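The values are calculated or read from the model by the stated rules, or taken from the named source; none is laboratory data. Not measured: the values here are computed from a predicted model. Every residue, glycine as well, gets a Cβ built from its backbone with ideal geometry; the counts of neighbours run over all protein chains shown.
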Amino acid sequence: MSGAEPGFTTARLTVQPATIADAPFIHALWTDPRVMTFVGFPRGLPITLAEVEARLTHAQAYPGGRLLSARLNTTNEPIGHLKLAWPDAQGIAEPDIKLLPEYWRMGYGRELWLALVAYQFQHTGCQIVQATPNVANAGSVRLQEVAGLRRVNVALYEFPETMRAYTSPVPHYVYQLTRERWIAQSRANM
């Protein structure tokens with residue numbers, strides 16, 4: 001990863017590192033059951049605003065990646081956040097997107113995901129982008145397939161015993177896109 005701050009612009013959105021100013025928005029997103037149910041938090045993530053602020057204060061040390069905010073180009077209104085993922089020892093990066101429900105089914109998820117996947121390959125040195133959508137999340141499953149990821153496995157994630165009172169198991173598919181296949185797809189779309 002280069003020393004430059006991560007970020008990019010799409011046709012309708014600007015993506016840049018999340019800051020403390022984004023904490024209330026991210027807190028609202030993470031505590032919204034509609035957003036978090038498919039990732040195992042049916043009542044939303046039990047996190048305080050102060051805990052979100054602490055994560056944003058130490059953004060470079062965020063486990064597994066860097067939080068980014070997605071804002072409309074026209075109004076600068078936040079509509080979601082992304083996780084730019086650091087590749088693991090095998091070169092696998094698992095980025096993520098979360099959008100406010102009022103922006104679902106408007107093409108923003110696709111726009112962000114395609115740009116985020118490209119950014120992962122262009123700027124992080126990852127060899128594989130991986131996604132693990134809940135099997136019941138038809139929109140996310142469709143998104144992976146549109147972006148060229150291929151289903152390679154089905155699995156079940158269960159939270160540690162200490163978290164089971166407020167979580168649910170997550171049956172999910174494992175989708176992957178290799179750097180080589182992404183390059184070939186990119187050339188074919190030119």
How many of the residues making up region 132-157 are touching a residue at least 40 places away in the same chain (Cβ under 8 Å), closer than 22 Å to Glu111 by Cβ and either aromatic (Phe, Trp, Tyr) or loosely packed, with under 13 Cβ neighbours inside 10 Å (or both)? 0
Checking the condition touching an Asp or Glu at 6+ places or on another chain (Cβ under 9 Å) and either outside any helix (DSSP H, G or I) or modelled with pLDDT under 95 (or both), which residue from Arg151, Arg187 passes? Arg151
Just for region 75-108: of the residues that are closer than 19 Å to Ala21 by Cβ and part of a loop (DSSP other than H, G, I, E, B), which one is farthest from the chain's Cα centre (by Cα)? Thr75
Take the residues in region 71-91 that are in contact (Cβ under 8 Å) with a residue 40 or more places away in the chain and either of a type in the set (Phe, Trp, Tyr) or under 14 Å from Tyr119 (Cα atoms) (or both), then tell me which one is surrounded by the fewest Cβ atoms within 10 Å (Cβ to Cβ). Trp86
Which one of these does Thr167 not meet: (1) surrounded by 15 or more Cβ atoms within 10 Å (Cβ to Cβ); (2) touching a strand residue (DSSP E or B) at 6+ places or on another chain (Cβ under 7 Å); (3) modelled with pLDDT of 95 or more? (2)
Matching entry among Glu51, Glu111 (being part of a helix (DSSP H, G or I) and more than 13 Å from the chain's Cα centre (by Cα)): Glu51
Residues Leu45, Leu67, Leu29: which one is crowded, with 18+ Cβ neighbours inside 10 Å, at negative phi and either in contact with a Phe, Trp or Tyr (Cβ under 9 Å, 6 or more places away or on another chain) or among the basic types (Lys, Arg) (or both)? Leu45
Answer yes if at least one residue in region 105-122 is of a type outside the set (Ser, Thr, Tyr) and farther than 23 Å from Arg12 by Cβ, and no otherwise. no
What's the total number of residues in region 108-131 that are among the small types (Gly, Ala, Ser) and without any contact (Cβ under 8 Å) to a residue 40 or more places away in the chain? 1
If you check Thr48, Thr14, which single one turns out to be β-branched (Val, Ile, Thr) and more than 30 Å from Pro171 (Cβ to Cβ)? Thr14
Consider Thr124 carefully, then state whether it is among the polar types (S, T, N, Q) and either under 26 Å from Ala28 (Cβ atoms) or exposed (fewer than 12 other Cβ atoms within 10 Å of the Cβ) (or both). no
What number of residues in region 56-105 are β-branched (Val, Ile, Thr) and modelled with pLDDT under 95? 1
